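Asks: Take a look at this one; I'll ask things after.
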Amino acid sequence: MLNNRFILVRRFNILLAILSLFLLLITIRLFWLQIYKNDFYLERSKSNSERIEPIKSLRGLIFDRNDNILAENILTYNIEIDIENKSTEDLNSIIGELSKILSISEHERDQFFKMRSERKFLRKIPLKLNVNNEELTFFASKKFLFPNVTLKEEFLRSYPHGKENAHLIGYINRISKKDVEKFENDPELLNNYFGMSHIGKQGIENSFENSLRGKSGFKKIRVNAKNSFIAEIENKKALDGEDLILSIDLNLQRKSHELLKNFKGSLIMTDISNNEVLAYQSNPTFDPNLFVNGISFTDWDKLNTDPSKPMLDRVTNAVYPPGSTIKPFLSIAGLENNVINEDYSINDPGFYQLPKTKKIFMDWKKEGHGNVNIITAIAESCDVYFYDLAYRLGIEKMDNSLRKFSFGQKTGINLPIEKRGILPSPEWKLKHHKKKWNAYETINTSIGQGDFLSSPAQLVHGLNILLNNKQMPPLSLIKDKFSDVPLSDEKITDEKYIEIVKRGMQEVTSSNGTFRSIAKNNYNKIAGKTGTAQVFSLKSQAYDEDNIADHLKDHSLFIGYAPYDNPQVSIAVIIENGGHGSTVAAPIAKKMIDFYFETIK
Amino acid sequence: MTNLFTFLFSRTDKQLFILLLIILLFSLNLIGQAAGFDSTFFLKQLLFIFTGLIIFMLVSILNLRFLFRYSLIIYVLSILLLLFTAVFGTEINGSKRWLDFGIFKLQSSEILKLTLPIFLVSLIDYFKNRSQAFTELVFLFISFIPFFIILKQPDLGSGLIILFSGLIIIFLNGLSLKKILIGILGFLILLPYAWFNILKDYQKGRILNLIDPFSNPLDGGYHAIQSSIAIGSGGLFGKSSEFSSQHDLLFLPETHTDFIFAVLSENYGFLGNIIFFLIFFLFIYKLVIISINLHSHSHRLLAMTYVMIFILCFLINIAMVSGLFPIVGIPLPLISYGGSSLFIYLIMFALINSLNYNKTLIAD
C-alpha cells in the first residue's frame, strides 16, 4: 500500500511539474504581450476603435474673363455601398436587390467592382452616380431595406459650355490606378487626395490641378466594433480649391466654335500687349461632361476611333508645316542680316534655279510675280523672292533669327502638354536623320515646308514677339497673371525692320495681296499673312484641288492682327486640308476679329 | 440555524473555503466589468455562485460510500444524458452541447468531468485481482465512449478533457514507461489520420490561425487578434482610462465567458495576472496537499484527477486566450460566466473536501 502511494504521489508530482512548465510558458507569453509588445498592442487597440473619415475639398470654379462660369460643381446624389467585410457574393446580392428598385447598368456595376479592386483604401464605393429625382425619392422610401447602402451628397463637376471649351478646360475623371501609384511615392500628395475620387486629366483642369483641388481634410472619430459613432477626436477642415479666372472670353469661344464647326482645324486669338489668350478653339471637339464619372466604353471607343480625332487639341498638340506664314519672320532675318533691304528687288520668272545646280523650284504662281521687293513679296507671297533670300542668307543665320520668334520651342502656355514643333537646322538633321544638310533644304525651309513644323500657338506667339519687338511672356490662359520671370525690354531687332514687315503684312489685305477679298470691307484694319502648307508633295502631277483626296489637300493657314495702325489682337488659324490660306483660314480670322471689335470694343 | 452553519463549516477546510470565496469574488468582479454590473449575466452569476455554494455545503456532507457503490449507474446515466443532449439538445452555433432548463443551460459533457473519474476509481478496487493491462484497457474503453459522443456534438475541447481525465487516472495508477512510450508513438501515428478524417475544417482553421492569426483576420483569426490586443494593451498595470477598452467597444465578444481572462489582463495588466495566478496557486497548493494526504488510494486518485482537470482547464483557457493554444470552447474554471461549469467544479471541490473530512472516519 505504501509503495502504491509512493508511485501515485510521484506520478502526481510529474504531472504537476509538466503543468508548471506550461504555466511558465504562459507567463512568458503574457510578459511578451503585455510588457515587451505593449506599445504595439496599445497602438493596435487605438486604431481598432479609431476611424478616419475624409472631408472632401470643393474644387475651384473656372470663370472666363467676364465672370462667365466655365466649370462648376453641381449638387448630386450618389448611391454608395459600404463594402467593409463584404464578399463579392454579398455585394452582388445587394446590387441585385437594389436593381429591383433602381436601374443599374452593366457599366455601373463594372465600375463599382473595378474601383473596389483598385482603391484599397476606400470603405464606401459609389454604385450609382447622379441619381435622378424620381429614383432618389423612390430609394429614400425603401432605404430601410438596405442597411449597407447610403445616399451620398456629392458635388459633381459640370462644364456648362462643354464642347465650346473642351480642349481648353479639359476635364476631370476618376482617379485611376496609375494616379494612385504616382501618389504612393508622395505621402503629402496622397493626403491631399484623401477621400477624393477625381483628378484633372486634361487642359486647365490638369495643369491647375493643385490649386483647383485644394486639400482634403479629415474627421477622426471613435467607433465601437459595430462602427457606431462614439466620439469625435479630431477634425481637420478641408481647404477648398482656388477659383480660376481665365483670360479667355466665352463669347469668342462660342463664335470660334461656330466658325470652325464644319472644319478640322484650330484657332487661337491673343491680346498682343500681354500674350494672354482670348480664344482657344480646336475642332472637332467632344463633350467633357462625358468624362466626369468615367466615360462609358462605347463613348470612349467612338472618340478614339473617329478618324477626325476629336480628342486632339489642334492648337498646341498638333504641328503643321507653317507654309508661307513663315515669310514675315524670314523677312526680318533677311533685313537684319543685310541680305535684303527695303529697296532690294528681284525679278521673278515663276521659278528659281538653285545656283550651281540644275535644281528648279517653282513659284506658286506659274507665270511669276515679275519685279518684287520685300513689301510685294510678302503681300503676294512670292516664293522666288524668299528662295533667293534664303539661299543668300544661309541656314545658320536663318535659324538664329527664327529662333528669336520661338520656333522650335515651347510657348510655355499653361497646359499640361504642348508640342514644340521643329525648326530644321543642320545640327537637327544630323541628330535625327544622321544626314548632312542639303542646300535645297534651306530653300524648302524658306517657305515653311520640308521638316519645318509649328503649332498654331507657336505662330501666334511668334507674331506677338514680332509685333512687340521684344521677348514675350509665355502664352497665358490666366487673366492678369504676370510671369514671375522678368523679361528684358531689349528690342530683338531694329524697329525699322519690324515696320517694313508690318507694311508687307498690311499689303496682304490690300487689293494686291493674297487676301485681297477682304480689301473692300477691311474696316477693322486687319493685317496678316496667308499660308498654304503642303501635306503631300506631288512629284509628277500638277496639284489639282478638285481632283485630290481630302486628306491630301493642303492645309490652309492664316496669321494676322488688327488694327494694323495700333495692333491689339492677334490670331492664328489653321484649317486642315482646307486648301489656300486666303480662301478658308483667312476669312475665318476676319470674322473672328470683326466679332471681337463688334462685341468687345 | 446557527447549529446548521456550525455543522457545515466544521466539515469544511477553512483555508480552502476562504480561497474559494476570494476566487469567486474575483469572478463576479470580472463578469461585472465585462458584461456590466447591472447586466443579467452579473445577476445570474451571483445567483449561480449562491446556489453553487449551497450545493458545495450539501455535497460536503455526502457519504461517499454511496457514491462509489452506485458509480456504474451514475456513469450510465451520464452517458444517457449525453445521448439525450445529442437528440434533444439546444443547438447553438452549429453544435448541440446544451440542455435548456430555462434559467440555465446544462452543458452535459461537464457532468462527465465529475462522473467518469468516480466510475474509473471505483473500478480499481473491483479489479484488484485482475492484471494491470486488463484494467488499463477497460479504463481506456470506458473513457473513449463519452469522448466519441462529445466529439459528435461537436465539441473537441470538452471531449479531449474527458478523454484526458481517463488517461490521467491510467497514468497515475502506475502505467508502465513502456506503455507510455507506446501510447505516445500511437498518438503520433494517428495524428495525421485525425487531421484528415476527424477534424472539421473550422477546427483545422483554428489550429492554423494559431500559427498566423493575421492571415485570416476577419474569420477565425478575429478572436485571437482581438484578445491579443486586449491582453497586450494592458501593459504592466492595466490600461489607463484614457484608452478605450476592447470589450467596452465590443471588439472582443464573449468576454464574460471564454475570454474573461482578456478582461483581467486588459484592466489589471501583467501585475494583475501575476496576483491572479498567485491566488490560484495557493488554492491549488491547498488541494494538492489535501489530495496527497487522503487515506485511501482510490480517494487520492479521485482527488488528484479532479485537481489535474482543474489545472488543465485553467491553463488551456489562458493559453487559448493569450494565443498559445487553438480556440477551443473551454471556459476559465470558477471565473467564466456560466452555471454548469461552476457547479461541476464546486461539486469536485466539495467531494475532495468531504473525502478530507471523512478520511478519519473511513477505515482503510
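Asks: How many residues does region B:227-255 contain that are at pLDDT 80 or above and more than 7 Å from chain A (Cβ to nearest Cβ)?
Replies: Total meeting the criteria: 4.
Asks: Determine if region A:295-302 includes at least one residue that is closer than 28 Å to residue A:418 by Cβ, in the same structural domain as residue A:496 (by TED's automatic domain parsing) and touching a residue at least 60 places away in the same chain (Cβ under 8 Å).
Replies: Yes, region A:295-302 has at least one match.
Asks: Looking for something in contact with a helix residue (DSSP H, G or I) (Cβ under 9 Å, 6 or more places away or on another chain) and either farther than 16 Å from residue A:414 by Cβ or outside the structural domain of residue A:583 (by TED's automatic domain parsing) (or both) - is there at least one such residue anywhere in region A:479-490?
Replies: Of the residues in region A:479-490, the ones in contact with a helix residue (DSSP H, G or I) (Cβ under 9 Å, 6 or more places away or on another chain) are none.
No: region A:479-490 contains no residue that is in contact with a helix residue (DSSP H, G or I) (Cβ under 9 Å, 6 or more places away or on another chain) and either farther than 16 Å from residue A:414 by Cβ or outside the structural domain of residue A:583 (by TED's automatic domain parsing) (or both).
Asks: If residue A:361 passes every condition in (1) out of contact with any Phe, Trp or Tyr (no Cβ under 9 Å at 6 or more places or on another chain); (2) farther than 14 Å from residue A:500 by Cα but one, which one does it miss?
Replies: Every condition holds for residue A:361 apart from (1).
Asks: Collect the residues in region A:26-37 that are within 7 Å of chain B (Cβ to nearest Cβ) and in a helix (DSSP H, G or I), keeping them in residue-number order.
Replies: Residues satisfying the conditions are A:26, A:29, A:30, A:31, A:33, A:34, A:35.
Asks: Applying the selection to region A:51-96, what residues are farther than 23 Å from residue A:238 by Cα and of a type in the set (Ser, Thr, Tyr)?
Replies: Across region A:51-96, the qualifying residues are A:87, A:88, A:93.
Asks: Are any of the residues in region A:296-318 under 25 Å from residue A:505 (Cβ atoms) and touching a Phe, Trp or Tyr at 6+ places or on another chain (Cβ under 7 Å)?
Replies: Yes, region A:296-318 contains a residue that is under 25 Å from residue A:505 (Cβ atoms) and touching a Phe, Trp or Tyr at 6+ places or on another chain (Cβ under 7 Å).
Asks: Follow-up. Pick from region A:26-70 the residues that are aliphatic (A, V, I, L, M) and over 15 Å from residue B:274 (Cβ atoms): which of them is modelled with the lowest pLDDT?
Replies: Per the stated criteria, the residue is A:52.
Asks: Additional query: Could you tell me whether region A:442-461 includes any residue that is touching a residue at least 60 places away in the same chain (Cβ under 8 Å), surrounded by fewer than 19 Cβ atoms within 10 Å (Cβ to Cβ) and either among the aromatic types (Phe, Trp, Tyr) or in a helix (DSSP H, G or I) (or both)?
Replies: Checked region A:442-461: no residue is touching a residue at least 60 places away in the same chain (Cβ under 8 Å), surrounded by fewer than 19 Cβ atoms within 10 Å (Cβ to Cβ) and either among the aromatic types (Phe, Trp, Tyr) or in a helix (DSSP H, G or I) (or both).
Asks: Does residue A:340 count as surrounded by 20 or more Cβ atoms within 10 Å (Cβ to Cβ), farther than 21 Å from residue A:577 by Cα and assigned by TED's automatic domain parsing to the domain that holds residue A:414?
Replies: Taking the combined requirement at face value, the residue satisfies it.
Asks: When you go through A:85, A:66 one by one, which is the residue that is more than 14 Å from chain B (Cβ to nearest Cβ) and either of a type in the set (D, E, K, R) or surrounded by fewer than 16 Cβ atoms within 10 Å (Cβ to Cβ) (or both)? I'd like the intermediate steps shown before the answer.
Replies: Numbers: A:85 fails: more than 14 Å from chain B (Cβ to nearest Cβ).
Result of the check over A:85, A:66: A:66.
Asks: Now for a different question. Among the listed residues B:332, B:301, B:287, which satisfies the condition of being surrounded by 23 or more Cβ atoms within 10 Å (Cβ to Cβ), hydrophobic (A, V, I, L, M, F, W, C), more than 9 Å from every other protein chain (Cβ to nearest Cβ) and not in a loop (DSSP other than H, G, I, E, B)?
Replies: Matching residue, one of B:332, B:301, B:287: B:287.
Asks: Tell me which residues, restricted to region A:545-601, are of a type in the set (S, T, N, Q) and part of a strand (DSSP E or B).
Replies: Restricting attention to region A:545-601, the residues satisfying the condition of being of a type in the set (S, T, N, Q) are A:547, A:556, A:566, A:568, A:570, A:577, A:582-583, A:599.
Selection gives A:556, A:570.
Asks: Being more than 10 Å from every other protein chain (Cβ to nearest Cβ), at pLDDT below 90 and assigned to a strand (DSSP E or B) is true for just one of A:104, A:95, A:79. Which residue is that? Can you show your working first?
Replies: Working: A:104 fails: assigned to a strand (DSSP E or B); A:95 fails: assigned to a strand (DSSP E or B).
Testing whether each residue is more than 10 Å from every other protein chain (Cβ to nearest Cβ), at pLDDT below 90 and assigned to a strand (DSSP E or B) leaves just A:79.
Asks: Yes or no: region A:48-62 includes at least one residue that is within 13 Å of chain B (Cβ to nearest Cβ) and surrounded by fewer than 19 Cβ atoms within 10 Å (Cβ to Cβ).
Replies: Yes, because at least one residue in region A:48-62 is within 13 Å of chain B (Cβ to nearest Cβ) and surrounded by fewer than 19 Cβ atoms within 10 Å (Cβ to Cβ).
Asks: Continuing with the same structure: Could you list all residues from region B:299-342 that are among the hydroxyl-bearing types (Ser, Thr, Tyr) and under 23 Å from residue B:55 (Cβ atoms)?
Replies: B:305, B:306, B:336, B:337, B:340, B:341
Asks: Consider residue B:180 carefully, then state whether it is farther than 30 Å from residue B:48 by Cα and free of Cβ contacts under 8 Å to residues at least 24 places away in the same chain.
Replies: yes
For (1) outside any helix (DSSP H, G or I); (2) touching a Phe, Trp or Tyr at 6+ places or on another chain (Cβ under 7 Å); (3) farther than 23 Å from residue B:46 by Cβ, each residue gets a yes or a no:
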| residue | (1), (2), (3) |
| --- | --- |
| B:315 | no, yes, yes |
| B:319 | no, yes, yes |
| B:327 | yes, no, yes |
| B:348 | no, yes, no |
| B:352 | no, yes, yes |
| B:357 | no, no, yes |
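Asks: To continue, here is another question. Could you go through region A:401-416 and let me know if any residue there is within 26 Å of residue A:473 (Cβ to Cβ), crowded, with 24+ Cβ neighbours inside 10 Å, in the same structural domain as residue A:555 (by TED's automatic domain parsing) and in contact with a strand residue (DSSP E or B) (Cβ under 6 Å, 6 or more places away or on another chain).
Replies: Within region A:401-416 (the criterion being within 26 Å of residue A:473 (Cβ to Cβ), crowded, with 24+ Cβ neighbours inside 10 Å, in the same structural domain as residue A:555 (by TED's automatic domain parsing) and in contact with a strand residue (DSSP E or B) (Cβ under 6 Å, 6 or more places away or on another chain)), the answer is yes, since at least one residue qualifies.
Asks: Please state which one of B:264, B:282 is modelled with pLDDT of 95 or more, part of a helix (DSSP H, G or I) and within 29 Å of residue B:322 (Cβ to Cβ).
Replies: Within the list B:264, B:282, the selection yields B:282.
Asks: Between residues in region A:308-327 that are at positive phi and residues that are basic (Lys, Arg), which pairs lie under 9 Å by C-beta distance while being six or more apart or on different chains?
Replies: Short answer, once both residue conditions are applied: A:309/A:264.
Asks: Ok, one more. Evaluate the following for residue B:106: is it surrounded by 12 or more Cβ atoms within 10 Å (Cβ to Cβ), touching a strand residue (DSSP E or B) at 6+ places or on another chain (Cβ under 9 Å) and at pLDDT 80 or above?
Replies: Answer is yes for this residue.
The values are calculated or read from the model by the stated rules, or taken from the named source; none is laboratory data. The model shown is predicted, which means the values in this text are computed figures rather than measured ones. Please note: Cβ atoms are built from the backbone with ideal geometry, for glycine as well, and neighbour counts cover all protein chains shown.
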